[in-house]
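Trainee: For reference, the structure I am asking about is given below.
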Amino acid sequence: MDHRTTVAGIVGALALSAVTIPTVAQADDFSGDIKITKVVVNGGNDIVLGTTDVKTFTIAVTATDDSGIEVGRTFPTLWHTPLPNGDYYGLVVPENIAGTCVHLSFTTTTCTYTLKMNPRIHLQDNTTAGTWNVRALALANDGDYMTKASAAKAKVLRNSKLTVNASPEPVKKNRTITVTGALTRANWVTYKYGGYAKQPVKLQFKKRGTSTYKTLKTVTTDSKGNLRTTTAATADGYFRYSFVGTSTTPAVASAADYVDVR
């Protein structure tokens, strides 16, 4: 299914009389001394999506002008790839374009908008994992306006999962144990989790009674995302796998597996 959204359709849906959404390919546009000074996406955190759940997040836009900022027609859009015909491959708009606005002073206003991203609609496919852009528009009370095609950037990532199992347990001291696991991530085409191949993952151990994990070795996932290695059981404690993440997939640590050493 092709979920691409046209700019013209959005403009009609939003019923904006004075502010339109130019194509991303156009340069930034402004008139007067208005400025967009700050844009914060999801509180500064990455947007992480799985295969089914809709992610709700915010974009806060701060703008300033000597006449003050007009609220109700100032809003952001989150986009990934512009297409030659003016459409977007990946586009999310606020549920309410008016947002919730707070006047920081007579000249400066911050408006916060709620957006929802559905992994089965907005993400298109796995190629949209990574960096997205925020197009921000602001309008002043005296008619000054500013449009910034890339006022901020945000990471939209494929959710990751990591498992661990250490065996046998219990085990005699200094005997060899086998630690297996699997690193998987959301696939936005099949809407299932699949193995993340050829990724370095740290095997870590925390001795009972302590609070810090120490890295024992780095293990690389196989072609199906599976992990398997051996290590000596030297003391009671907890084993886990830890993945630092990539530009498209967030960091994740497995739950701990306790091993009783006798």
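The values are calculated or read from the model by the stated rules, or taken from the named source; none is laboratory data. It should be emphasised that the depicted structure is a prediction, and the values quoted were computed from it without experimental measurement. Neighbour counts are summed over all protein chains in view; Cβ atoms, including those assigned to glycine, are modelled from backbone coordinates with ideal geometry. Only protein heavy atoms, including side chains, enter the accessible area calculation; ligands, DNA and RNA are left aside. Shrake-Rupley method; radii C 1.70, N 1.55, O 1.52, S 1.80 Å.
Trainee: Give 249, 234 a once-over and let me know the one that is crowded, with 16+ Cβ neighbours inside 10 Å, outside any strand (DSSP E or B) and touching a strand residue (DSSP E or B) at 6+ places or on another chain (Cβ under 9 Å).
Mentor: 249 is the lone residue from the list that is crowded, with 16+ Cβ neighbours inside 10 Å, outside any strand (DSSP E or B) and touching a strand residue (DSSP E or B) at 6+ places or on another chain (Cβ under 9 Å).
Trainee: Which is open to solvent by 20 Å² or more (accessible area, probe 1.4 Å) and not hydrophobic (A, V, I, L, M, F, W, C), of 147, 128, 180?
Mentor: Only one candidate passes the filter, namely 180.
Trainee: Restricting to region 108-149, and then to whatever is of a type in the set (Ser, Thr, Tyr) and more than 16 Å from residue 72 (Cα to Cα), can you tell me which residue is nearest to the chain's Cα centre (by Cα)?
Mentor: 131
Trainee: Based on this model, can you work out whether residue 201 counts as in contact with a Gly (Cβ under 8 Å, 6 or more places away or on another chain) and either open to solvent by 80 Å² or more (accessible area, probe 1.4 Å) or in contact (Cβ under 8 Å) with a residue 60 or more places away in the chain (or both)?
Mentor: Answer is no for this residue.
Trainee: Another question about this same structure. Scan the strands (runs of 3 or more DSSP E) fully inside region 12-126 and keep the ones with 3 or more residues being closer than 24 Å to residue 156 by Cβ and at pLDDT 90 or above.
Mentor: 35-41, 47-49, 55-64, 76-82, 87-92, 108-117
Trainee: Which one of these is open to solvent by 50 Å² or more (accessible area, probe 1.4 Å) and closer than 30 Å to residue 67 by Cα: 165, 96?
Mentor: None of the other options fit; the residue is 96.
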